[in-house]
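The values are calculated or read from the model by the stated rules, or taken from the named source; none is laboratory data. Fair warning: this is a prediction, and the values are worked out from it, not measured in the lab. For neighbour counting, all protein chains shown are included, and Cβ atoms are generated from backbone atoms with ideal geometry for every residue, glycine included.
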Amino acid sequence: MAGVLAVCVTASALVPLNAGDEGPVRLLPAAGVGETALRTAPGMVDAMQRTFHLTREEAVARIGRGEAARQVAGRARVAAGSAYAGDWLDDDVTAVTVAVTDRAVARAVRAAGANPELVRYTHNRLVAAEARLQGARDVSGTSIDQQLNRIVVESRPGAEPAARAAVSAAAIDPAMVEYRTQRDDAVAATIDHHGGELFTTSKGSCTEGFSVDPGVGQLLNVPGFVTAGHCGPNQDQIRDRNGLFAGVITDSTYANTGRGPDQAWVPLAGLRDPRPDVFNSSTGGFVPVLGSTVAAYNADVCMEGQVSKWRCGKITGYPANESGIPVGPDGALRTVTGVVKTSICSDLGDSGAPVLAGNQAQGIVSFATVNCVTHPQGPTWFQPINGMLNSMRLKLRLPQGSPTPGPRIGGLGCGAFPSLGWYRFKCYSSWYDGTDPVVLSWSSYYSVTPEITDVAGKTATALGACPQGLASTVTLRVTDSQGRQDFMSAPTGCP
């Protein structure tokens with residue numbers, strides 16, 4: 001951790017904000033969480049022991065601290081408000097750090113149980129700037145390193161000067177960027193049904209993601225599961241682990257077009273009942289799925305793939321955009337945007353596998369640097385679950401009696417019109433779930449301000465402006481009273 005902090009001091013002047021002689025705030029395990037996991041999901045404990053070289057007692061305590069960290073990070077995000085710049089866990093999951101851009105909120109963040117650190121750029125500003133690099137020809141990948149408070153720009157060997165030129169053309173503050181050369185490893189889509197189980201398509205075998213129910217606006221009134229879009233095109237028949245017909249792929253993006261998020265879902269045929277859990281191959285048991293609260297940077301996450309089985313790692317890039325991925329109908333190299341990078345290892349056949357942080361759904365496996373033998377620390381990238389649910393009008397299937405899930409943005413759309421050499425735009429959005437009161441935060445690389453927020457109706461509009469000839473995006477972040485959040489970005493419509 002000390003090495004990382006040394007980089008941060010020179011790069012973005014990250015400064016601890018402990019008051020007086022107060023030391024860092026340490027996490028105490030959430031009561032009973034690790035013990036419950038030991039009884040109901042022993043395979044999770046076993047995987048934590050293998051991955052992080054822990055005793056059983058240490059793994060149980062670490063799972064408990066992970067749950068405490070999610071609660072602390074949620075409260076601290078609310079306390080930071082518009083000054084929020086990111087949050088992360090230390091490597092041993094003993095403390096939560098929340099980056100802020102305003103000293104005035106430090107005491108409130110610390111009172112929430114997190115360690116505040118002062119940085120230069122808000123998270124919304126970093127997200128808006130990163131969006132301007134999407135599609136840049138000489139940039140092979142981007143992600144946000146919350147600990148560095150920077151955008152990480154990856155390029156192929158020898159292409160860094162061109163990547164720097166792309167950053168300059170996007171009018172991004174040079175101090176906001178860290179450049180890295182992408183390793184020249186083989187990257188492949190993991191093309192190969194209940195969460196974590198096998199299913200097959202015309203393209204090969206894949207893994208079932210999370211169980212879902214139809215949401216508002218979904219015309220297919222049957223339950224099913226989500227998976228990776230590159231597993232098969234629309235209407236492709238799937239067969240379950242016993243080789244029986246189970247349904248057809250629906251709303252697939254990449255397998256049909258090679259564009260958009262790598263996502264699809266399967267409405268299940270016949271008398272099938274998708275359960276609100278993930279299969280654990282190491283025990284034959286199941287891990288219940290209780291929500292989809294977004295985990296912090298550097299948080300522990302685990303995956304159940306039909307090939308690699310139960311594997312764990314950390315979130316290492318959030319969000320990330322990666323190019324040179326052979327996903328799509330013709331196998332051509334394309335860019336996948338909005339994915340999350342992890343240190344989990346996975347293999348061909350793990351595509352669509354569910355990724356969890358404790359009992360919280362995070363996403364489904366999209367692609368990886370295969371395989372676990374040569375790359376035991378990944379990386380594997382997953383498509384975030386909340387965005388998938390929103391765009392396909394689905395909702396996560398949860399056990400009966402589960403608490404209200406966190407907020408989810410149901411849609412975000414903008415339109416623009418010319419005005420005195422600039423373009424003005426208006427954006428419309430809606431959200432649902434979450435516990436009131438909620439806080440909305442709008443951001444864009446140029447300017448955007450809230451117009452109308454109807455909390456009762458869960459709708460909002462915003463107005464903004466951007467120069468002619470420079471396309472831009474707008475991002476909306478919704479945070480509820482428990483600190484759970486969702487965010488979505490969309491083009492402003494400025495040409």
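Structure notes:
- Index of the failed condition, residue 480 passing every other in (1) among the acidic types (Asp, Glu); (2) farther than 21 Å from residue 122 by Cβ; (3) modelled with pLDDT of 80 or more: (2)
- Qualifying positions in region 269-309 - within 22 Å of residue 366 (Cβ to Cβ) and hydrophobic (A, V, I, L, M, F, W, C): 278, 279, 287, 289, 294, 295, 296, 299, 301, 302, 303, 307
- Candidates 481, 444, 429, 472 - the one that is within 21 Å of residue 393 (Cβ to Cβ) and under 25 Å from the mean Cα position of the chain (by Cα): 429
- Criterion (out of contact with any Phe, Trp or Tyr (no Cβ under 8 Å at 6 or more places or on another chain) and under 26 Å from residue 380 (Cα atoms)) met by exactly one of 139, 72: 139
- Near pairs, Cβ below 8 angstrom, 6+ apart or cross-chain, from region 421-443 (over 14 Å from residue 409 (Cβ atoms)) to any residue that is assigned to a strand (DSSP E or B) and aromatic (Phe, Trp, Tyr): 423/417; 424/417; 425/417
- Answer residue from region 162-207, given it is touching a Gly at 6+ places or on another chain (Cβ under 9 Å) and among the hydrophobic types (A, V, I, L, M, F, W, C) and is modelled with the lowest pLDDT among those: 191
- Failed item in (1) of a type in the set (Asp, Glu); (2) surrounded by fewer than 18 Cβ atoms within 10 Å (Cβ to Cβ); (3) in a helix (DSSP H, G or I); (4) modelled with pLDDT under 85, with residue 67 passing the rest: (2)
- Hey, residue 426 modelled with pLDDT of 85 or more, over 27 Å from residue 68 (Cα atoms), in a strand (DSSP E or B) and among the basic types (Lys, Arg) or not: yes
- Condition check for residue 431: of a type outside the set (S, T, N, Q), modelled with pLDDT of 85 or more, more than 26 Å from residue 306 (Cβ to Cβ) and touching a Pro at 6+ places or on another chain (Cβ under 9 Å): no
- Looking across region 282-303, the residues that are in a strand (DSSP E or B) and within 24 Å of residue 90 (Cα to Cα) come down to 291, 297, 300, 301, 302, 303.
- Single match in 387, 363, 406 (criterion: under 15 Å from the mean Cα position of the chain (by Cα), part of a strand (DSSP E or B) and within 24 Å of residue 298 (Cβ to Cβ)): 363
- Count of residues meeting criterion [over 12 Å from residue 195 (Cα atoms) and either modelled with pLDDT of 80 or more or touching a strand residue (DSSP E or B) at 6+ places or on another chain (Cβ under 7 Å) (or both)] in region 274-295: 7
- Test: residue in region 384-393 that is closer than 26 Å to residue 126 by Cβ and β-branched (Val, Ile, Thr): yes
- Filter result for residue 331 (part of a loop (DSSP other than H, G, I, E, B) and at pLDDT below 70): yes
- Test for residue 81: is it within 19 Å of residue 24 (Cβ to Cβ) and out of contact with any Ser or Thr (no Cβ under 7 Å at 6 or more places or on another chain): no
- Only one of 109, 93, 72, 139 that is modelled with pLDDT of 90 or more and either part of a strand (DSSP E or B) or surrounded by 21 or more Cβ atoms within 10 Å (Cβ to Cβ) (or both): 109
- Search result, residues across region 396-410 that are modelled with pLDDT under 85, on the phi < 0 side of the Ramachandran plot and surrounded by fewer than 22 Cβ atoms within 10 Å (Cβ to Cβ): 399, 400, 402, 403, 404, 410
- Residue pairs meeting the criteria (Cβ under 8 Å; at least 6 apart or on separate chains; first among the aromatic types (Phe, Trp, Tyr), in region 482-495; second not in a loop (DSSP other than H, G, I, E, B)): 487/127; 487/409; 487/475; 487/476; 487/477; 487/478
- Positions within region 154-178 being outside any helix (DSSP H, G or I) and surrounded by fewer than 16 Cβ atoms within 10 Å (Cβ to Cβ), in sequence order: 157, 158, 171, 173
- Unique residue being more than 27 Å from residue 265 (Cβ to Cβ), in a loop (DSSP other than H, G, I, E, B), under 26 Å from the mean Cα position of the chain (by Cα) and not hydroxyl-bearing (Ser, Thr, Tyr) when the list is 399, 450, 437: 437
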